[in-house]
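Worksheet for the structure shown next.
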Number of protein chains: 2
Amino acid sequence: MTASPVAVNTQRVIADLNALRAIGAYKTGVHKPTFSPEHMQSLDWLSRRFGEAGLSGELDGIGNLVGQSPKSGPKLLAGSHLESQSHAGWLDGPLGVVYALEAARVLNNDPAISGAVEVAAWCDEEGHFGSLMGSRSYVGAVTDEEIDAARDRKSGRSMRDALREVGLEGRPRAMVEPGRHIGYLEAHIEQGDTLESQGLKIGVVTSIVGIWQYRITFTGVQNHAGTTRMAVRKDAGLALAYFCVAVDERFPKVASPRTVWTTGRITLDPGAPSIIPGSAEMLLQIRDADVEVIARLEALLRSMAEEASTNGPCQVAIERIRVGAPAAMDGRIQDAVEAASGVFAPSKSLRMQSGAGHDAQILATVMPAGMLFVPSIGGISHHWTENTSDEDIAIGAQVFVEACRRILAAG
Amino acid sequence: MTASPVAVNTQRVIADLNALRAIGAYKTGVHKPTFSPEHMQSLDWLSRRFGEAGLSGELDGIGNLVGQSPKSGPKLLAGSHLESQSHAGWLDGPLGVVYALEAARVLNNDPAISGAVEVAAWCDEEGHFGSLMGSRSYVGAVTDEEIDAARDRKSGRSMRDALREVGLEGRPRAMVEPGRHIGYLEAHIEQGDTLESQGLKIGVVTSIVGIWQYRITFTGVQNHAGTTRMAVRKDAGLALAYFCVAVDERFPKVASPRTVWTTGRITLDPGAPSIIPGSAEMLLQIRDADVEVIARLEALLRSMAEEASTNGPCQVAIERIRVGAPAAMDGRIQDAVEAASGVFAPSKSLRMQSGAGHDAQILATVMPAGMLFVPSIGGISHHWTENTSDEDIAIGAQVFVEACRRILAAG
């Protein structure tokens, strides 16, 4: 670790990010769902940059783009994703891809550096078709049957149809080569306000929380909103409202200070103003880096459902529909990111967990993985107003490239 | 009122209702939204029956079918509707139309009876395109502009397109002829359990409650469900759940024993499991026959919204989107229905209000109007399991025709 930091072209980084924003721009953000023309153009933009970093590679059979370097020495994998949530921010995904590209341009072309950074854009991190399908495919965790069954959550279009329409049908899927990479590093906007509220510049991610998701269904009796007396109603929507309030009141007593939970979707059936809902459904998501906490909350949830069913008038059923184990980030990679922060943002870094899911949690199952966060203005995320100052983007790029250099040097 | 009751063919009534059920059958109910092929076939079925009752008439420019009789003497208008809610019951609408048809067949063909029953099927009582559009058109309360703007709530298809597709574009709309009718009588299933729970057969409707509807919007801040700490969230969906519970707790103290209120639709925006809802909306409907009660409840609602906005973290706004004045049923028509019940179901009738809206409330604005209810099994309504026993259907038919005879005789 005696060499001095390499020169990062921060203006080029910001120009690249703006070039990607111009593809599928929506207000100050972007709209590029998985396999949309704008997503595919963004991938094409990246593949045309590969030459600048001595990389080669093409889209695989699930929409991943992974560049490979012929350079000798250790290889570090780095990247993120290029598709976006609907009408969302410009940095969620592209930041990590462009940082990785910049690291590859700087380090791969430097003969004094042994080894290379290889750049990946993982497909569908945002979950239009599934859950982290691209990176999971790369580590061998996606079967053909899962792809057969996957459909766009909004349009219902099958993933197979989408792959055919963008010309990827029949291509092989890129798979991890055991031993090829010494690790994986991903940069991302924080998507929260922890860094900004403390005037910090770099988050050194210690772990990525697990995500557990539950479908909670309420069964009452559908009836006419005018003729059914209040006393005899079994209103599934009202039962749901009471349950939401009970979760809000009782979870804090069992959760850890960092646990978060969210009801993001509520559906009443049939959903007509003159009909008492006969059934209702809510999706509840719980995130924590500690499986013990999750287990306690799930037990509470199930006891609350039993209690509500017993008290009536509606029946409440809990179904766990997603289980995500927390992923620990590699200690040596954390140290490298922190040391790099010491050069470009002295005393401005913080070790923290990631409340959001990222491809790094998948790569962590097959190689040492780490993440670096830059601040989000106002903590806003998954919205087109999501933003980070150019100054913070530049600092993050310098820290990222320096961290890559240190990881390769430690080989 | 000296003549003896006329002979009603109750088997024909039940056969006719089953013939209508066979058009667009769904399980034991029906699915015939306004202007669907099954709705149009049902109207065609009715128009082909008109001859049996000496009636003539054709579909007008909004889908109403009103038969006219050339017979001299007083004319009583009677009917209901033939379209259904989605996947709903077989009697909601057709019962009143077939009773009216049977009354017309029996009374119009009887030379001893002075006057005639004229049969109407009002379009879109179920509100696929608007609110009681057919009967409101007949009383002159629908402008061309309202039709221009009307769209199918589910498909978004414009009413003009629908009218064109079913061949009604450009036809004149039938309008009430002042002085032509001495009144309007409509039979309907109760859609509640008041009659059944007391072993009664006939409801004599005293008034139809008014319906007030409110759009209540909650504005918070949309954010990432993993990275936003619980303490800083402004979750519009959670604010909505608390408001629903508050309505349930506070309305009973201000409402009358017969008031009903319902939240039939809830929408979270954007409605994704990993995003904290930035805004949310609920439709709250209140029904009562007393405008004073409604006024008190609306005042409470507005004060609750102010309170919630002041306490935060979300803003709550109330918008009144529907005002329906209660409609009183004509006293003489009530008396005629009760007297007819005395013949076929002695001591088995009850004077009661209608919690549901009906075309009779619209006709009541231009002529004396009345309604008769038959029991609903289990009080179930707006669902395909909605039903009434054949025996109760038969008793209702006899009472209905006898009531028509008495109203015509009183002229």
Chain B, closest residue to the rotation axis toward A, by beta-carbon, whole angstrom: B:ALA241, 2
Give the Cα extents of the stretch B:212-265 along the principal axes, in whole Å, largest first. 47, 19, 13
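Are there GluC sites (Glu not before Pro) in the stretch B:131-240 that DSSP puts in a loop and that have at most 13 other Cβ atoms within 10 Å, and which ones? Spell out each step's value before the answer.
Values: sites: B:GLU145, B:GLU146, B:GLU165, B:GLU169, B:GLU186, B:GLU190, B:GLU196; in loops: B:GLU169, B:GLU190.
For GluC sites (Glu not before Pro) across the stretch B:131-240 that sit outside H, G, I, E and B with at most 13 neighbouring Cβ atoms in 10 Å, the list reads B:GLU169.
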If we hang a label 7 Å off Cα along the beta carbon direction at A:GLU169, how far is it from the matching labels on the other copies, in nm, shortest first? 3.8
Around A:GLY24: net Lys/Arg minus Asp/Glu count, Cβ-Cβ under 12 Å: +1
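Want the number for A:ALA410 to A:THR310: 0.36 nm per residue separation, take away the alpha-carbon distance, what's left? The partial results should precede the final answer.
On the way: separation 100, 0.36 × 100 = 36.00 nm, distance 6.05 nm.
Value of the extension gain: 30.0 nm.
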Under the rule a/c < 1.5 gives rounded, and otherwise a/b versus b/c splits prolate from oblate, where does the stretch A:329-381 land using the Cα gyration tensor? oblate
Grab the alpha carbons of the stretch A:5-127, take their convex hull, and tell me the volume per residue in Å³. 93
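Around B:ALA104, under 11 Å between beta carbons, what's the net of Lys plus Arg minus Asp minus Glu among the other residues?
Details: positive: B:ARG49, B:LYS71, B:LYS75, B:ARG105; negative: B:GLU52, B:GLU102, B:ASP110, B:GLU118.
It works out to a net charge of 0.
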Label-point separation, B:ALA149 to A:GLU391 (7 Å along Cα→Cβ), nm: 5.1
Cβ charges +1 (Lys, Arg) and -1 (Asp, Glu), total dipole of chain A, debye: 320
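Could you list A:ILE113, A:ILE294 in order of exposure, starting from the residue whose Cβ has the fewest other Cβ atoms within 10 Å? Please report the intermediate quantities before stating the final value.
Values: A:ILE113 20, A:ILE294 24.
Final ranking by Cβ density, sparse to dense: A:ILE113, A:ILE294.
If each residue's Cβ is checked for other Cβ atoms within 10 Å, how do B:THR365, A:THR262 rank with the fewest at the top? Working shown, then result.
Details: B:THR365 15, A:THR262 27.
With the fewest neighbours first, B:THR365, A:THR262 line up as B:THR365, A:THR262.
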Dividing the helical contributions, -39500 (n - 2.57) per DSSP H run of n ≥ 4, by the residues of chain B yields a 222 nm value, nearest 500 deg cm²/dmol, of -10500 deg cm²/dmol
For the Cα atoms of chain B, what angle does the longest principal axis make with the long axis of helix B:390-410, in degrees from 0 to 90, nearest 10? 70
Relative contact order of the stretch A:210-322, defined on C-alpha pairs under 8 angstrom at six or more residues apart (%): 44
Cα-based convex hull volume of the stretch B:251-295 per residue, rounded to whole Å³: 97
Taking the Cα atoms only, what angle lies between the long axis of helix B:37-49 and the longest principal axis of chain B, rounded to 10 degrees? 20
Which residue fluctuates the most in chain A, going by a Gaussian network model with Cα springs under 10 Å, if the choices are A:ALA325, A:ALA345, A:ALA299? A:ALA299
What is the order of A:SER155, A:SER135, fewest Cβ neighbours within 10 Å to most? A:SER155, A:SER135
Treating the angle as unsigned and between 0 and 90°, give the value, to the nearest 10°, between the Cα long axis of helix A:94-108 and the longest Cα principal axis of chain A. 20
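So what is the relative contact order of chain B, in percent, for Cα pairs below 8 Å that sit 6 or more residues apart? Show your work: numbers first, answer last.
Details: 931 pairs, mean separation 94.6, N = 411.
Worked out over chain B, it gives 23 percent.
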Restricting to chain A, what percent of DSSP beta bridges are antiparallel, rounded to 5? 65
Where does the longest stretch of chain B lie that holds no trypsin sites (Lys or Arg not before Pro) found in a DSSP loop with 12 or fewer other Cβ atoms within 10 Å? B:181-411
Global form of the stretch B:259-411, assessed from the alpha-carbon gyration tensor, a/c cut-off 1.5: prolate
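I'm checking a number: the convex hull volume of the Cα atoms of the stretch A:176-310, normalised per residue, in Å³. What is it?
So the per-residue Cα hull volume is 183 Å³.
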Where a ≥ b ≥ c are the square roots of the eigenvalues of the C-alpha gyration tensor, would you call chain A rounded, which needs a/c under 1.5, or, failing that, prolate if a/b is larger than b/c, or oblate? prolate
Can you tell me what the convex hull of the Cα atoms of the protein assembly as shown projects to on average, as an area in nm²? 37.1
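Since every read-out is calculated from the coordinates, none of them should be taken as a lab result. Since this is a predicted model, take the numbers as computed values, not measurements. Cβ atoms come from the backbone with ideal geometry, glycine included; neighbour counts cover every protein chain shown.
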